[in-house]
Amino acid sequence: MLECLRQKPARQITGAVKHFQPWLYNPFSPFGVVVDAWAAEPVLPRHPYKLLKDKKVVDVPWITSYTSAEGLYPASDFHYDHRLEYLNRNWSKILPFILHYDDSVKPHLQDRVSEKIRDYFFGNKPITKETFPILVQLMSERLFVHDIEKAGRLHSAAVKSPVYSYYFNYRGAHSKSEFRADTLKNIGVSHGDDTSYVFKTIMDTLSTEDDRKMTELMLDIFTSFMKT
């Protein structure tokens, strides 16, 4: 396989990833990092969770965060009536790929898991634009929030250096969700909105006075952290 990969252009290799993402490029990370304990000089000798549990990590300060609507990535891709309707009809078929348990839950149990998730979050409600915030919450918790909090607590227990976490709930004039959804309206504070006030992205963060103030505040937070 290695020889095959070496002979292929990078564009062709990355373009092939879509074949492992059955619906709207989900799961969004079909390939993760690999434990390479077999290597002479391994980069990742054990699973990161086990390294954290065993306190085998570098003792340095760490800052992490999540926004109030992290799940807008990838949910903003679904903010179209026809896509939500398709998801509503094909929930058990699609959800394992969106929430990335297609390879961690046994195939014969996936429908049951999908229906339990739907019942817990939606009850008898259909998946529509009216219930879209529930979908965002579901994706936020599964894809981001739970493990961000777990990693922060594990890292804090493993090191003596300070560990910081912030929750970002500021919705400026624009959001990264605008580039993926079918609306310019405020549908939440998306994944990546916070760091857009620190690093230059396609999102305009200087168009209003409030946005400019937030940019200054976020830059102060990040530079203060880097100086510690």
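The values are calculated or read from the model by the stated rules, or taken from the named source; none is laboratory data. Small disclaimer: the values here were computed from a predicted structure and weren't measured. Neighbour counts are summed over all protein chains in view; Cβ atoms, including those assigned to glycine, are modelled from backbone coordinates with ideal geometry.
Contact map, segment 150-167: first residue on the phi < 0 side of the Ramachandran plot, second residue in a helix (DSSP H, G or I) and among the charged types (D, E, K, R), Cβ cut-off under 7 Å, separation 6 or more or different chains; pairs are 154/53. Inside segment 123-151, residues that are surrounded by fewer than 17 Cβ atoms within 10 Å (Cβ to Cβ) and touching a Leu at 6+ places or on another chain (Cβ under 8 Å) make up a count of 2. The sole residue among 196, 165, 177, 161 that is in a helix (DSSP H, G or I), of a type in the set (S, T, N, Q) and within 30 Å of residue 58 (Cβ to Cβ) is 196.
Filtered by the rule that a residue be of a type in the set (A, V, I, L, M) and either touching a helix residue (DSSP H, G or I) at 6+ places or on another chain (Cβ under 8 Å) or under 22 Å from residue 78 (Cα atoms) (or both), segment 159-212 gives 163, 173, 181, 184, 187, 189, 198, 202, 203, 206. The helices (runs of 4 or more DSSP H) found wholly in segment 1-110 and carrying at least 3 residues that are closer than 30 Å to residue 227 by Cα occupy 48-53. Would you call residue 177 touching a Leu at 6+ places or on another chain (Cβ under 6 Å) and within 30 Å of residue 215 (Cβ to Cβ)? Taking the combined requirement at face value, the residue satisfies it.
Does residue 51 meet the test of being of a type in the set (A, V, I, L, M), surrounded by 10 or more Cβ atoms within 10 Å (Cβ to Cβ) and within 22 Å of residue 148 (Cβ to Cβ)? Against the criterion (of a type in the set (A, V, I, L, M), surrounded by 10 or more Cβ atoms within 10 Å (Cβ to Cβ) and within 22 Å of residue 148 (Cβ to Cβ)), residue 51 qualifies.
Given the criteria touching a residue at least 60 places away in the same chain (Cβ under 8 Å) and closer than 27 Å to residue 142 by Cβ, does residue 92 qualify? Considered against the rule, which asks whether it is touching a residue at least 60 places away in the same chain (Cβ under 8 Å) and closer than 27 Å to residue 142 by Cβ, residue 92 comes out as no. Cβ-Cβ distances below 8 Å connect the following pairs, each with a first residue in segment 181-193 that is over 9 Å from residue 67 (Cα atoms) and polar (S, T, N, Q), a second residue that is modelled with pLDDT of 95 or more and crowded, with 16+ Cβ neighbours inside 10 Å, and a separation of six or more residues or different chains: 183/79; 186/171; 186/175.
Looking at 97, 78, which one is surrounded by 13 or more Cβ atoms within 10 Å (Cβ to Cβ), of a type in the set (A, V, I, L, M, F, W, C) and more than 30 Å from residue 218 (Cβ to Cβ)? 97 is the lone residue from the list that is surrounded by 13 or more Cβ atoms within 10 Å (Cβ to Cβ), of a type in the set (A, V, I, L, M, F, W, C) and more than 30 Å from residue 218 (Cβ to Cβ). Scanning segment 126-148 for residues that are within 20 Å of residue 181 (Cβ to Cβ) and free of Cβ contacts under 8 Å to residues at least 24 places away in the same chain, we see that the one that is nearest to the chain's Cα centre (by Cα) is 134.
Looking at segment 144-157, can you tell me whether even one residue there is of a type in the set (S, T, N, Q) and outside any helix (DSSP H, G or I)?
Keep residues of segment 144-157 that are of a type in the set (S, T, N, Q), which gives 156.
Cutting the leftovers down to outside any helix (DSSP H, G or I) gives us none.
Within segment 144-157, none of the residues are of a type in the set (S, T, N, Q) and outside any helix (DSSP H, G or I).
Condition check ((1) in contact with a strand residue (DSSP E or B) (Cβ under 7 Å, 6 or more places away or on another chain); (2) surrounded by 13 or more Cβ atoms within 10 Å (Cβ to Cβ); (3) of a type in the set (Val, Ile, Thr)) across all residues:
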residue	(1), (2), (3)
159	no, yes, yes
165	yes, yes, no
170	no, yes, no
184	no, no, no
191	yes, yes, no
200	no, no, no
214	no, yes, no
218	no, yes, no
223	no, no, yes
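Each residue in segment 111-134 was checked for being of a type outside the set (Phe, Trp, Tyr) and not in a loop (DSSP other than H, G, I, E, B), and 11 pass.
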